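The values are calculated or read from the model by the stated rules, or taken from the named source; none is laboratory data. Worth saying up front: this structure is predicted, and the values here are computed from it rather than measured. FYI the Cβ positions are ideal-geometry reconstructions off the backbone, even for glycines, and counts take in every protein chain you see.
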Amino acid sequence: MVEEDLGFAASGTGQHVLLKVRKRNANTQWVARELAKLCGCHPRDVGYAGLKDRRAIAVQFFTVPRSRFSLEAWREVQQLEFNVLEANEHSRKLPRGALAGNRFTICIRDFDSNALGSALETRIAQITHSGVPNYFGPQRFGHEGANLARIAEGLRALRPPERGFVLSAARSLVFNAVLAERVTDGTWDRLEPGDIANLDGRGSVFPIDAMDATLTSRCEGLDIHPTGPLWGRGSPPTQARVGELEARVANEFQQACALVADAGMDQERRALRLAVRDLEWDGEPGGPTGQPGAPIGQPRGPTGQANAIVLRFRLTRGSFATTVLRELIEANVPGEEGGD
């Protein structure tokens, strides 16, 4: 399960309606088209902050233009794949990326907590303290990497509906490769001169000319993070060893870099490290009960046995739950749509 946290409430007035929607076995764009049909508007007039996985039980927000469809009518919408939980007037269309983060609840089945519970508690404590590498998940690359296969075709061969997915995959490919290099050399979670730092959970970035005790402390406290490139025109603003590393990786992925440059995209930055907030887990014999999770270290019952565990955590927008899971368990996760 994933639930969006917008970080703000509906304005209560305006020419749009903010809808809180629960969906399952349906992708975000399909739900948007269905809402457009109900509203009688063009699909491009429906706003949403991010894409959510088809297979997840997802609670996310959409905006539609005000119409003859009343708020009461919206609140009664209930279809097989989705239903509207709330409807309120709002001042503007919801733009992409306009959310604070996402809350996840994930059940892992066939898990022997007797054998692995202690190791899991130790690993979760490490993640809570240090975060995880902020890889783009397999969802970004399409089913079986289909978006990556389109990179070599060039910009003109891509139809407008698919162009954004392929460009995102190209940028993500380069970013993941840079992050993998930083993981290998042990610098993914620390700053060094030449880095571009990011404020946790925000888009603000600033260069690191020299390290001092304050910067080191803020980085250790997950307040700031080193960043990697979201490739675009020109060269990234990093310097020294970090700049050389990013240039070397870009040279290994010339087609991906050329594609996003041809599209006129600018150089941007993304944190190399992901802080995992409110991380907790509990054992659920037979599966999840829906009850609140236990904080780290809290007893889970007299036997401590479970054939499933439930993880709960919060991530900033644009992050992937699969990047957290890959630091905890080994599993094959099929690629679908995004986790913005």
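Close contacts from the stretch 30-48, counting a first residue that is at negative phi and among the polar types (S, T, N, Q) and a second that is surrounded by 14 or more Cβ atoms within 10 Å (Cβ to Cβ) and not in a helix (DSSP H, G or I), with Cβ to Cβ under 6 Å and a gap of 6+ residues or different chains, come to none at all. Does the stretch 123-137 include one or more residues that are of a type outside the set (K, R), at pLDDT below 85, within 23 Å of L51 (Cα to Cα) and crowded, with 20+ Cβ neighbours inside 10 Å? Among the residues of the stretch 123-137, not one is of a type outside the set (K, R), at pLDDT below 85, within 23 Å of L51 (Cα to Cα) and crowded, with 20+ Cβ neighbours inside 10 Å, which makes the answer no. Among the conditions (1) in the same structural domain as A263 (by TED's automatic domain parsing); (2) at negative phi, the only one that G145 does not satisfy is (2). Taking the conditions (1) without any contact (Cβ under 8 Å) to a residue 60 or more places away in the chain; (2) surrounded by fewer than 20 Cβ atoms within 10 Å (Cβ to Cβ); (3) within 29 Å of I309 (Cβ to Cβ) in turn, A58 satisfies each one other than (2). Taking the stretch 2-48 as the range and being part of a strand (DSSP E or B) and either closer than 13 Å to K93 by Cα or of a type in the set (A, V, I, L, M) (or both) as the test, the residues that pass are V2, H16, V17, L18, L19, V21, G47, Y48.
Of the helices (runs of 4 or more DSSP H) lying entirely inside the stretch 176-265, the ones with 3 or more residues being surrounded by 18 or more Cβ atoms within 10 Å (Cβ to Cβ) are found at 240-252, 254-262. Within the stretch 220-263, the set of residues being over 23 Å from R163 (Cβ atoms), among the polar types (S, T, N, Q) and touching a residue at least 40 places away in the same chain (Cβ under 8 Å) comprises T227, T238, Q239. When you check S67 against the structure, is it assigned by TED's automatic domain parsing to the domain that holds T13, surrounded by fewer than 16 Cβ atoms within 10 Å (Cβ to Cβ) and at pLDDT below 95, yes or no? So S67 fits the description; yes. Residues in the stretch 121-169 that are more than 17 Å from the chain's Cα centre (by Cα) and in a loop (DSSP other than H, G, I, E, B) were compared, and the one that is farthest from Q255 (Cα to Cα) is R159.
Just one residue in the set K52, K93, K20 is surrounded by fewer than 21 Cβ atoms within 10 Å (Cβ to Cβ), touching a Gly at 6+ places or on another chain (Cβ under 9 Å) and in contact (Cβ under 8 Å) with a residue 40 or more places away in the chain; that residue is K93.
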